[in-house]
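Reading through the structure tokens given below for one structure.
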Amino acid sequence: MGHSSSHVDRMASPVSVIVVGAGCRGENYSMFASIHPQRMKVVAVADPRKFARTKLQKQHKIADENVFEDWHRVIERDKFADAVCVCTPDRLHKEPAVAFAKKGYHVLLEKPMATTAEDCREIVEACTQSGVILSVGHVLRYDPLIRMIKELIDAGTIGDVMHIQHLEPVGYYHFAHSFVRGNWRNEAESSFALLAKSCHDIDLIHHWAGARRCVKVSSFGSLSHFQKQDKPTGAADRCLDCSIERECPYSACRIYLDRVKKGHTGWPVSVICPNSLPDLETVTEALRTGPYGRCVYECDNDVCSNQVVNMEFEGGLTAAFTMVAFTEEICNRRTTIYGSKGELSCDGREIRVFDFLTQRATKHTAPSDAPKHFGMTGHGGADYHLMDAFISAVANNDPSLIRSGPEETLHSHLLVFDAERSRLESRVVHCGDKEHS
Ligand SMILES: NC(=O)c1ccc[n+]([C@@H]2O[C@H](COP(=O)([O-])OP(=O)(O)OC[C@H]3O[C@@H](n4cnc5c(N)ncnc54)[C@H](O)[C@@H]3O)[C@@H](O)[C@H]2O)c1
């Protein structure tokens with residue numbers, strides 16, 4: 001405890017928070033209460049999984065009467081907390097977000113806001129009408145290095161921004177885990193890959209473009225691997241039964257069993273044992289019977305493995321975005337921003353600015369002071385900073401602390417829907433020319 005944070009809260013008691021969805025994200029955000037018990041308290045949890053809700057109950061000493069299987073039961077009660085963290089799966093965001101906002105709870109809503117443009121609008125409307133704070137889980141907006149990119153642009157360091165090139169390398173085994181075998185593999189069950197994975201990135205590009213509106217967007221992409229026709233001859237339907245699994249980079253034995261044998265039980269291993277702690281026995285059982293033991297070429301996945309998006313903003317600023325599964329790096333974005341006076345590049349570790357006039361390069365770093373020992377290291381400490389801002393915004397009733405607030409986040413989500421429409425309809429979409437579908 002006693003970790004320094006950038007905000008001072010004016011509330012006498014900690015901000016009380018209900019966690020809806022006690023999975024990876026719900027547990028991670030809740031960790032803030034363990035770090036700063038004087039600033040945040042988790043007072044209730046709702047999750048249909050007994051293992052998940054009991055774990056959170058124990059971690060935060062939640063009273064029995066405040067542990068729920070279903071968030072609808074929470075809503076039936078009179079308002080009894082300041083805020084809610086909605087950390088349910090993608091398709092279960094809108095309903096609780098709207099219901100809690102209407103009851104007067106401040107809302108931290110995981111990204112994507114919702115899976116349709118209409119639902120995103122409805123959430124924003126509900127929060128605005130109720131006068132509650134909305135923060136969307138666009139954690140990268142809180143990453144100190146990424147914040148510095150915007151500060152350097154705004155300070156005129158590279159002149160006028162002309163072009164933005166941004167890459168999201170998903171990571172080969174991360175993609176196999178989440179988007180081939182796991183929770184985000186199938187659009188009908190979760191959402192399309194650009195929304196699920198890259199709404200962060202389109203949001204950043206939109207943010208870096210500043211006040212300039214995106215006018216046109218085009219996109220191409222597909223599921224280019226991880227289908228039945230790509231299955232090697234002789235491969236089995238499950239990795240545990242496969243005689244050639246050692247030759248496969250996506251082998252579940254390699255991704256999960258090899259890790260647990262080395263004592264690694266965090267992500268992604270923890271995800272595959274939803275009802276118990278992971279150990280060699282439970283992981284082996286999960287691979288024998290569960291979705292994560294399937295051959296990557298025998299899954300019911302349909303989301304894109306690679307997609308590009310081209311954007312034209314007002315004033316001729318262009319942007320090119322790439323999302324690709326087949327990478328060594330795991331989500332460590334690479335960005336280059338070309339301006340009239342210089343070039344700024346960021347490899348996720350440092351920013352380099354080359355000045356055309358002086359022909360000199362300067363380097364910038366922005367280490368996060370998030371407390372690593374508490375495990376809330378998600379996204380290079382950005383999860384911690386998002387929570388820090390949300391709790392302070394609620395405690396001080398100051399929405400200006402939120403960097404991922406309703407209006408801007410809605411606009412960047414609409415851009416994602418437009419980009420996907422372009423891909424599906426094979427045409428350039430003029431943003432806002434007709435109702436977003
Ligand atoms: N901000 C980020 O960078 C980031 C990263 C990963 C995931 N996410 C998003 O966060 C959300 C949660 O992802 P996760 O990785 O924690 O998934 P998860 O599967 O670990 O957690 C989701 C939890 O919701 C619970 N749940 C399901 N239905 C529910 C209901 N009706 N009421 C209450 N709980 C319910 C599940 O049992 C599960 O425990 C997703 O929308 C995901 O896209 C955001």
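Quick check on my filter: what residues within region 48-97 are outside any helix (DSSP H, G or I), near the ligand (Cβ under 9 Å from one of its atoms), within 22 Å of Met387 (Cα to Cα) and touching a helix residue (DSSP H, G or I) at 6+ places or on another chain (Cβ under 7 Å)?
Just the residues of region 48-97 that are outside any helix (DSSP H, G or I), to begin with: 48-49, 61-63, 67-70, 77-89, 93.
Among the residues that remain, those that are also near the ligand (Cβ under 9 Å from one of its atoms) are: 48-49, 68-70, 86-89, 93.
If we keep only those that are within 22 Å of Met387 (Cα to Cα) too, we end up with 86-89, 93.
If the condition is that a residue be outside any helix (DSSP H, G or I), near the ligand (Cβ under 9 Å from one of its atoms), within 22 Å of Met387 (Cα to Cα) and touching a helix residue (DSSP H, G or I) at 6+ places or on another chain (Cβ under 7 Å), then Val86, Cys87, Thr88 are the ones that fit.
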**Message:** I'd like to know if region 369-379 contains one or more residues that are surrounded by fewer than 23 Cβ atoms within 10 Å (Cβ to Cβ) and at pLDDT 85 or above.
**Reply:** no
**Item:** strands (runs of 3 or more DSSP E) contained in region 316-410 and holding at least 2 residues touching a residue at least 24 places away in the same chain (Cβ under 8 Å)
**Value:** 318-324, 334-339, 342-346, 351-355
**Request:** Kindly check whether there is at least one residue in region 354-361 that is more than 28 Å from Arg427 (Cβ to Cβ) and buried (at least 23 other Cβ atoms within 10 Å of the Cβ).
**Result:** no
**Request:** Taking the residues in region 294-327 that are farther than 30 Å from Cys214 by Cα and hydrophobic (A, V, I, L, M, F, W, C) as candidates, determine which candidate is farthest from the chain's Cα centre (by Cα).
**Result:** Cys295
**Message:** Could you list, ordered by first residue, the pairs with Cβ atoms under 9 Å in which the first is in region 215-241 and without any contact (Cβ under 8 Å) to a residue 40 or more places away in the chain and in a loop (DSSP other than H, G, I, E, B) and the second is of a type in the set (Ser, Thr, Tyr) and exposed (fewer than 13 other Cβ atoms within 10 Å of the Cβ), at least 6 apart or interchain?
**Reply:** Gly234/Ser243
**Item:** Number of positions in region 252-293 that are within 25 Å of the chain's Cα centre (by Cα) and not in a helix (DSSP H, G or I)
**Value:** 12
**Request:** Scan region 171-205 for residues that are within 11 Å of the ligand (Cβ to nearest atom), in a helix (DSSP H, G or I) and of a type in the set (A, V, I, L, M, F, W, C) and report the count.
**Result:** 3
**Request:** Within region 165-186, identify whether any single residue is closer than 16 Å to Val303 by Cα and surrounded by fewer than 17 Cβ atoms within 10 Å (Cβ to Cβ), and answer yes or no.
**Result:** yes
**Where Ser16 falls short, out of the listed (1) in contact with an Asp or Glu (Cβ under 9 Å, 6 or more places away or on another chain); (2) among the small types (Gly, Ala, Ser); (3) under 24 Å from Asp398 (Cα atoms); (4) within 16 Å of the ligand (Cβ to nearest atom)** = (4)
**Request:** Test each condition in (1) within 14 Å of the ligand (Cβ to nearest atom); (2) part of a helix (DSSP H, G or I); (3) in the same structural domain as Asn28 (by TED's automatic domain parsing) for Lys111 and report the one that comes out false.
**Result:** (2)
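Just checking, which of Ile146, Ile153 is assigned by TED's automatic domain parsing to the domain that holds Cys346 and under 19 Å from Gly380 (Cβ atoms)?
Values: Ile153 fails: under 19 Å from Gly380 (Cβ atoms).
That would be Ile146, the only listed residue that is assigned by TED's automatic domain parsing to the domain that holds Cys346 and under 19 Å from Gly380 (Cβ atoms).
I'd like the residue in region 114-143 that is of a type in the set (Gly, Ala, Ser) and closer than 19 Å to Leu415 by Cα and, out of all such residues, is farthest from the ligand (Cβ to nearest atom). Walk me through it before giving the result.
Let us first name the residues in region 114-143 that are of a type in the set (Gly, Ala, Ser), namely 114, 117, 126, 130-131, 135, 137.
Add one more test, that the residue is closer than 19 Å to Leu415 by Cα, and what stays is 114, 117, 135, 137.
On the way: Ala114: 10, Ala117: 17, Ser135: 11, Gly137: 4 Å.
Ranking the candidates gives Ala117 first.
The values are calculated or read from the model by the stated rules, or taken from the named source; none is laboratory data. Fair warning: this is a prediction, and the values are worked out from it, not measured in the lab. Backbone-built Cβ (ideal geometry, glycine too); neighbour counts: all protein chains shown.
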